[in-house]
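Everything below concerns the one structure shown next.
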Amino acid sequence: MKIEQIYTGCLAQGAYYIESKGEVAIIDPLREVQPYIKRAAADKAKIKYIFETHFHADFVSGHITLAKETGADIVYGPTANPSFECIIAEDGQEFKLGAISIKVLHTPGHTIESSTYLLRDENGKDHAIFSGDTLFLGDVGRPDLAQKAASMTQEELAGTLFDSLRNKIMPLADDVIVYPAHGAGSACGKNMMKETVDTLGNQKKMNYALRKDMTRSEFIKEVTDGLLPPPKYFPLNVKMNKEGYEDFKDVLQRGATALSPDAFETAANETGAIVLDVRHQDNFVQGHIPRSIFIGLNGDFAPWVGALIADVEQPLLLVTPEGKEEEAITRLSRVGFDGTIGFLKGGFEAWKKASKEYDTITSLTAEVVAETINANSTAVFDVRKETEYTSEHLLGAENTPLSNLNDYLTEFPEKETFFIHCAGGYRSVIAASILKSRGIHNFIDIAGGFGALKETKVAVTAYVCPTTL
């Protein structure tokens, strides 16, 4: 028996490859399926099943394409009603895979169809659970994403999740291994651990949601407390996972259209496409196409695209580092953004050589900014998350979180120069690109963000541990 966790850091997502005696099961695959097919071929094995823990909201799964290319059966838990052919398993149903078996545990709460897959070894012993978004390490799945589809309140879904955990998962032995669908950084939970594998016994000890003395009402209150609004692209991804989507090969072929600077400019003007610049933030600061939006591949690229662009049908034109075109198109497609219509051939340097207009961002080091802040009352805007800001921030700085920056546009000074910063420089440049696209140019970005500012003599608030917030 082989179990491999295939973890994608940008999405904080874990897919799983399980092989026994030449038969393979894939759990929650990503959109691009060739790595799974190649892995099975290397083992001289056949992909037999594709298990989906639920209709994912934060990424587009590769289940449909993988089934088409391999002939494998797609398996969902009870109550799932997709638009394509698949096996809707019964609670407790077992699927043989070589010498092992995988048992379906219906665990509704995150969504109504959510299921956990219990792997039993060749001796019939419970070995591991693939818990999807039902149980994370240190947390559980948020219960507010399926309200519309389930016709239930988030409190009712949370109560259902409480029952699922107590009746299906907590009775399992402590040595059972937990393989969740997500880790720290995912928007599907609140306080996940950085680790991606653990034992159920350890989770029973340290996961707040698995406390033995916890009442149903206490669970509901704690699980629903502090939930931020989900990203706007989540329902669109659910729709794609449930109803189907375009083959990734077609998405890649269309997006990989190389455009000269003139053709790129014409396409931008005629299609209403957003020019998305995915280079490093330092390169964007030094020069970029006017009104283009920066979201760099070197950060949490796909989640920020989903949160800030939101509409998966929005046409996109890419400015990439040389050789990174396919990576950008691939990572966009993982969250359902299939509308890439081309990229700038030769990159930004080709744009400059063509004598096209370009813009820059004024950026100063933390040391220079510290002197300015200490000498006068220049306004400072912190675009980190509210919890980061509350934990520690510059005295007098205002919090305008990047995730909903558009709600704060009227708060920025109209004429006076102001500063913006994040934690390390990535998010503030995203914010800068958005401000410029909205016609706001009277700001200075602080290079290195709050991390660099703390090394200077600027005054900051007393530190509060984020886990207590």
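The values are calculated or read from the model by the stated rules, or taken from the named source; none is laboratory data. Because the structure is a prediction, the values reported are computed rather than measured. Note that each Cβ is placed from the backbone with ideal geometry, even for glycine, and that neighbours are counted across all protein chains shown. Note: areas computed on protein heavy atoms with side chains; ligands, DNA, RNA excluded. Shrake-Rupley method; radii C 1.70, N 1.55, O 1.52, S 1.80 Å.
Structural remarks
- Summing Lys and Arg as +1 and Asp and Glu as -1 over all other residues whose Cβ lies under 12 Å from the Cβ of Asp174 gives a net charge of -1.
- Built amide H within the under 5 Å cut-off of Leu97, gap 5+: Ile102
- Relative packing of 306-316, 59-69, which averages over residues the other C-beta atoms within 10 Å, highest first: 59-69, 306-316
- log10 of Debye I(q)/I(0), alpha-carbon scatterers only, for the stretch 349-405 at 0.15, 0.16, 0.22 Å⁻¹: -0.64, -0.68, -0.91
- Here the stretch 316-469 is treated as a sphere whose radius is the Kirkwood value from Cα pairs; by Stokes-Einstein at 37 °C and 0.692 mPa s it diffuses with a coefficient of 189 µm²/s.
- Entry comment: accessible area of the stretch 1-117 is 34 Å² per residue, from protein heavy atoms only and a probe of 1.4 Å.
- Residues of the stretch 370-399 with an amide N closer than 17 Å to a point placed 7 Å from the Cα of Thr461 along the Cα-to-Cβ direction: 380-399.
- When the chain is described by a simple charge dipole with +1 on each Lys and Arg Cβ and -1 on each Asp and Glu Cβ, the residue from Ala350, Phe248, Pro321 located farthest towards its positive end is Phe248.
- Percent breakdown of C-alpha pair distances by 10 Å bin, ordered from the shortest bin, for the stretch 276-355: 19, 57, 23, 2
- Average Cα contact separation per residue, the chain, under 8 Å, 6 or more apart, as relative contact order %: 11 percent
- Of the GluC sites (Glu not before Pro) in the stretch 85-121, the ones in a loop by DSSP (not H, G, I, E or B) with at most 13 other beta carbons within 10 Å are Glu85, Glu90.
- Put a plus charge on the Cβ of each Lys and Arg, a minus charge on the Cβ of each Asp and Glu, and nothing anywhere else: the dipole of the chain about its Cα centre is then about 580 debye.
- Protection proxy ranking for 293-300, 194-201, using the average of other Cβ atoms within 10 Å per residue and placing the highest first: 293-300, 194-201.
- For the stretch 70-79, the Karplus equation 6.51 cos²θ - 1.76 cosθ + 1.60, evaluated at θ = phi - 60°, returns couplings of 10, x, 5, 7, 8, 10, 10, x, x, 6 Hz by residue, with Gly and Pro reported as x.
- Considering only beta bridges that DSSP places wholly inside the chain, some 50 percent are antiparallel.
- As a calculated quantity, the FRET efficiency between Lys345 and Lys415 at R0 = 35 Å, using C-beta atoms, amounts to about 0.35.
- MRE, 222 nm, helices only [DSSP H, n ≥ 4, -39500 (n - 2.57), over the chain, to nearest 500]: -8000 deg cm²/dmol
- Computed across the stretch 1-61, the Kirkwood radius stands at 11.9 Å (inverse of mean 1/r, all Cα pairs).
- Dipole magnitude of the stretch 46-155, debye to nearest 20 (Cβ charges: Lys/Arg +1, Asp/Glu -1, about Cα centre): 260 debye
- Gyration tensor verdict on the stretch 186-235 (Cα atoms; rounded if a/c is under 1.5, prolate if a/b is larger than b/c, oblate otherwise): oblate
- Cα centroid separation - the stretch 164-184 against the stretch 245-302, whole Å: 41 Å
- The calculated pair-distance distribution of the stretch 1-106 uses every alpha carbon pair, bins of 5 angstrom beginning at 0, and gives 2, 12, 25, 25, 21, 11, 2, 0 percent.
- Counting all C-alpha pairs of the stretch 155-293, share separated by more than 20 Å (%): 69 percent
- On the principal axes of its alpha carbon atoms, the chain extends 70, 52, 38 Å, with the longest extent given first.
- With viscosity 0.692 mPa s and temperature 37 °C, the Kirkwood radius over alpha carbon pairs of the stretch 115-160 converts through Stokes-Einstein to a diffusion coefficient of 266 µm²/s.
- Long-range Cα-Cα pairs in the stretch 280-321 (distance over 15 Å), rounded percent: 44 percent
- Karplus-derived 3J(HN,Hα), 6.51/-1.76/1.60, for each residue of the stretch 351-364, Hz, glycine and proline x: 4, 5, 5, 7, 6, 7, 5, 9, 10, 9, 10, 6, 9, 10
- Scoring 406-416, 100-110 by mean Cβ neighbours within 10 Å over their residues and listing the highest first yields 100-110, 406-416.
- Calculated FRET value between Leu227 and Ser151, using beta carbons and R₀ = 22 Å, to 0.05: 0.70
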